[in-house]
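Down below is the structure, laid out as structure tokens.
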Amino acid sequence: MAQELSEEALLRVEVEQLKKEVKNPRAPISKTGKEIKDYVEAQAGNDPLLTGVSEDKNPCKEKGTCVIN
């Protein structure tokens, strides 16, 4: 779609997008970084990548063995 627009039209689209983005509320990283860190630490106990998956709940567990005679 962008190839079909002239340079002026592309600039208009970009300006409209920037107008939308400038309205988004912003917060300093010193605040949001701490909030993200606290959230990740609070959820760490539920993360299967950190705690592992029990054998009975593991969907990728081998169901049986294959024997070739």
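Every read-out reported here was derived from the displayed coordinates using simple, explicitly stated rules and does not represent laboratory data. Values in this document were obtained by computation on a predicted structure and should not be read as measured data. Here the Cβ positions follow ideal geometry from the backbone for every residue, glycine too, while neighbour counts run over all protein chains shown.
Summary of computed values
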quantity: Top-ranked residue in the range 47-69 [being exposed (fewer than 10 other Cβ atoms within 10 Å of the Cβ) and hydroxyl-bearing (Ser, Thr, Tyr); ranked as nearest to the chain's Cα centre (by Cα)]; calculated: Ser54
quantity: Filter result (of a type outside the set (D, E, K, R), exposed (fewer than 10 other Cβ atoms within 10 Å of the Cβ) and not in a helix (DSSP H, G or I)) within the range 1-46; calculated: Met1, Ser6, Asn24, Pro25, Ala27, Pro28
quantity: Selection from the range 30-46 of residues that are among the hydroxyl-bearing types (Ser, Thr, Tyr) and more than 18 Å from the chain's Cα centre (by Cα); calculated: Ser30
